[in-house]
Amino acid sequence: MLSLIIDRVGNVNIFNVLEDNLPVEESHIQSTLDDDLIFEYLGEVERLVHVSQSVLSNPNQILNADILQDLKVLGETFYQQFFPLSIIEKLKNTSKHSIHFNIDPALALIPWELLHDGTSFLSDKFRIGKTIRGGLHRPTHQENRKIKMLIIADPTEDLPHAQKEGEVLFSVLSQKVPTHLLELEFIGGKQVTKLKLLSLIKDKHIIHYSGHLHFSDDSLENGWLLSDGKVLKAREIKSTGIDTDLVFSNSCMSAKSAGKKLNTNIMNQYAGAFLTAGIKTFVGTNWEILDNERTIDFTVRFYTFLFSDKSVGESLFLSKEFARRNYHANDLTWANYALYGNPDFSLFVKERRNSHSAKILNPTSVLEFYPTPIAVAYSKLVGSGKSKTSGKNNILGLVKLFEAISQVVGMMVFSDHAAHAMNKSIPNNPDDAVSIRKWWELVYGCVWDFQKLKISSILEMALPVLHEQKETIFKIVGWMESWERDEIKEEEIESYQIILQFFLENMLLEFSELERVSILLVSENQNPHFYFKGVKPAYLYPSSPGSKDKLQEQLSKQKGNLVLVHESRKIVIPFPTYFKERKETGDLELVFNGLTPFVSGAKQN
């Protein structure tokens, strides 16, 4: 998957590109585009949508319009203005099938599907998803589960095609998908009350809604219009603790909201409200849908693809492709639908379980099972995010997390290298402390020794990850050096924060072997050993079933020392660093004297 992380500062767009969660060579590529050009493009697209809807609603009307050609010209002109040349070349030459736009809220209105590269619309070439500021949605997958789906149709009983859509969808899926894979529930008309709906949606993996949208100036007051003028609001859905994988919303504007101008901003806020409520992926419309047969056909095709083990993005892509080729030339149904979230997200894991798109970072695992320096740094970062601290403080929190990863992973590599008697000097006291660049150069020197001599490491899975992450690691190091030299402008801090957080969370995910490798202080008697694991290190016995005797035999030779233990592989090696007791709490903590800490007065004001 190709990820485009796009920030906007004033009229400057700042691009960072990732391929399969790894950065490409260039970063912080920029283009300049004034707001008036963005709004003019949006206005022209909306005008063409109204023309399309007028043509389709009045088939006897004589109108000489080539909407598709006009849309192409608009999309190509804006595409060339918005993207820098290097991004255009990347989009032209990439072999990736999916694009995830992780974008600044100021760019949320842009219908990326309609941009045109001179050969095709982006939606004809890529499976597209977008996330509006705040990181990627990383849902938890469960294998071999029965999918529970709720279909909600025409609660206000004034949209006949919405009722028909629900009935057709229920009928088709009942026939096509075996009952051991899908549990279907249908509710429609005035039986759709707020309390009943709130009770039904809690445990559903998919919610399909076909009815009126109620829009409010407060995004969490957005929702679905029910009978008797009642509205099921996003904040009420959020309060249920919903953990739904997909919401598909075929929505018309409600009469209550009809006075408001319908545009993509309404739909973006609407989708955003539901994502805020805890929904993983959301398929909605850029504009109001037409209540007709083509909407039903498009919807049924989407779910047919989805239950054929296609990802959400691929299902939408294939449905759009069919609509473009088979509906009326001026029918923009294909252009209307947008995916919020990761386009490679699938409800069914199976063979995708080892792909980048199927991996997730479980914060609880980091906080409870990763080595204490990493868990504590990550905990502080999570805490600062909740307290809405400034961009500078967030950057410092991210840097501290990177330092903790550097210290722990680096010292593990050094320890393993020393255990194999390869005689490389390890920086481990204030007198020979090195910069973070030199530290990582030494780490990769050790990694190269393992590869060159074909020696197996205690970090069986981590060494390949280090190889994959090398470019990312040194990119972060370069940024830290720029921060220390005050070369990064104040207005660019937030942009760096977004991409750095993405890199570090992906790095923690890739270093998941750290859950199985423990740093511990070996007891000098029969008492438990002290494990530097999780936010709250504690005294524990080795926890690996069936390996206690073998581990104890090795640990008995290391009494009073710090060691590294891979319990599943039953390996113990010395961990040549230090620990101290914190005066205020009496807790033990690890000390890494070989790495010079990052200090920048300008960033700590």
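Just a few scattered comments:
- Peptides ranked, highest mean first, by Cβ atoms within 10 Å: ranges 111-118, 318-325, 92-99: 111-118, 318-325, 92-99
- Ordering 221-233, 370-382 by mean Cβ neighbour count within 10 Å, with the highest value first, yields 370-382, 221-233.
- For the set Lys280/Lys489; Lys130/Lys202; Lys454/Lys570, the pairs lying more than 23 angstrom apart at their alpha carbons are Lys280/Lys489; Lys130/Lys202.
- Accessible solvent surface per residue of region 1-97, calculated while the other protein chains remain in place, 1.4 angstrom probe, Å²: 50
- Rolling a 1.4 Å probe over the protein heavy atoms gives region 376-502 an accessible area of 45 Å² per residue.
- Here region 388-439 exposes an accessible surface that is 49 percent carbon and sulfur, computed with a 1.4 Å probe and the other protein chains kept in place.
The values are calculated or read from the model by the stated rules, or taken from the named source; none is laboratory data. In this text the structure is predicted, and so the values were computed from the model without any measurement. For neighbour counting, all protein chains shown are included, and Cβ atoms are generated from backbone atoms with ideal geometry for every residue, glycine included. Note: accessible area is taken over every heavy atom of the protein model, side chains too, but ligands, DNA and RNA are not part of it. Shrake-Rupley method; radii C 1.70, N 1.55, O 1.52, S 1.80 Å.
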